[in-house]
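First the structure, then my questions, so here it is.
The values are calculated or read from the model by the stated rules, or taken from the named source; none is laboratory data. All figures in this text were calculated on a predicted structure; none of them were measured in a lab. Using ideal geometry, Cβ is built from the backbone for each residue, glycine included, and neighbour counts are taken over all protein chains shown. Protein only, heavy atoms only, side chains kept; ligands, DNA and RNA dropped before computing areas. Shrake-Rupley method; radii C 1.70, N 1.55, O 1.52, S 1.80 Å.
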Amino acid sequence: MANRRPIIAGNWKMYKTSQEARDFALSIQEKVEDVTDLDMVVCAPFTALHILKEELEESIIHIGAQNMYHEEAGAYTGEISPMMLLDMACTYVIIGHSERREHMKENDEIIAKKVKMALDKGLVPILCVGENLSMREGGKAIGFVRGQVEKNLMDLTPTELRKVVVAYEPIWAIGTGKTASSQDAQEICAGIRTTIAGISGTVAQEIRILYGGSVKSSNIAEIMAQPDIDGALVGGASLDPQGFAELIHNAR
Ligand code: 13P
């Protein structure tokens, strides 16, 4: 079994003004300054990234974005390029979150391009996959998620694939207070690893797979105890610095 370094990533979604982002950044640093055994990431709205760059660039907390466009530059009004994220000291970027797949109609083809472009430019993509409630109830979750992973990652070389982080986020568990049972989450995450092994056998054991969906400081330890789960992508519980720091400590 490869020795995978855990990740706890916060996804602020469409929350926090620049002042709120600064308050968070100033508050969390001392609370997690002794955390050296996992990677901590805060994925902020574009408008707060410059604040995190100022406050966190020199810290042990990594900065991430929640989306990017799949071109380097050009006439794409309203879009943000990977170069712009690098300029904001981002090292991670969430790609294909279910909220973007649903509300912004991002499809697997676009998501595969974004993953590839992020890697080309040296950003670590956190690729989100996950089924909705009717798929889960119809027994189709595992097949659907494995299909997403295949479509989103199949064009990558082993060297590229090795850097990808996958987040399994069942849509029905996001922001609902319902968490997948740790056994169900483990089953899907193991299935994701098997799918990656099918794309490139040698790297599957190295890839970090996260769980997301109503993760809290009270359930993180049980989630982390699963053999194929290497961390969490946290929405609501990442907004308060005290609570997020507690969650990070409970993940260790
Ligand atoms: P919650 O933790 O609020 O359920 O959100 C999960 C999520 O979508 C993280 O990307």
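Compute, for Thr202, the solvent-accessible surface of its heavy atoms (probe 1.4 Å) with the complete set of protein chains present, and express it in square angstrom to the nearest 10.
Answer for Thr202: close to 110 Å² accessible.
Could you tell me the center-to-center distance, by alpha carbons, between the range 163-191 and the range 127-160 in angstrom?
A separation of 11 Å, based on Cα centres.
Can you tell me the length gained on complete extension of the stretch Asp23 to Glu79, counting 0.36 nm per residue apart and subtracting the Cα distance?
Values: separation 56, 0.36 × 56 = 20.16 nm, distance 2.69 nm.
Going from the current span to full extension adds 17.5 nm.
Also, quick follow-up: For Glu150, Glu109, give me the order by solvent-accessible area with a 1.4 Å probe, most accessible first, ignoring ligands, DNA and RNA.
Glu109, Glu150
Show Lys114, Lys151, Lys16 ordered by accessible area, largest first, where the area counts protein heavy atoms only and the probe is 1.4 Å.
Lys151, Lys16, Lys114
Just to be sure I follow the rule: in the chain, considering lysines 8 or more places apart or on different chains, how many pairs have Cα atoms under 18 Å apart?
Final tally of qualifying lysine pairs is 19.
How many angstrom lie between the Cα centre of the range 213-252 and the Cα centre of the range 1-60?
14
Right, here's the next one. Considering only protein heavy atoms, what per residue accessible area in square angstrom results for the range 11-131 with a 1.4 angstrom probe?
46
Could you work out how much longer the chain between Glu58 and Ala221 gets when fully extended? Use 0.36 nm per residue separation minus the Cα distance between them, nm to one decimal.
On the way: separation 163, 0.36 × 163 = 58.68 nm, distance 2.84 nm.
Computed gain between Glu58 and Ala221 is 55.8 nm.
Roughly how many nanometres apart are two label points built 7 Å out from the Cα toward the Cβ at Thr91 and Thr47?
2.8
Note down the magnitude of the dipole of the range 1-83 about its Cα centre, charges +1 on Lys and Arg C-beta and -1 on Asp and Glu C-beta and zero elsewhere, to the nearest 20 debye.
In debye, rounded to 20, the range 1-83 gives about 300.
Sum -39500 (n - 2.57) across every DSSP H segment of at least 4 residues in the chain, then divide by the residue count to get the 222 nm mean residue ellipticity, nearest 500.
Computed ellipticity for the chain at 222 nm equals -11500 deg cm²/dmol.
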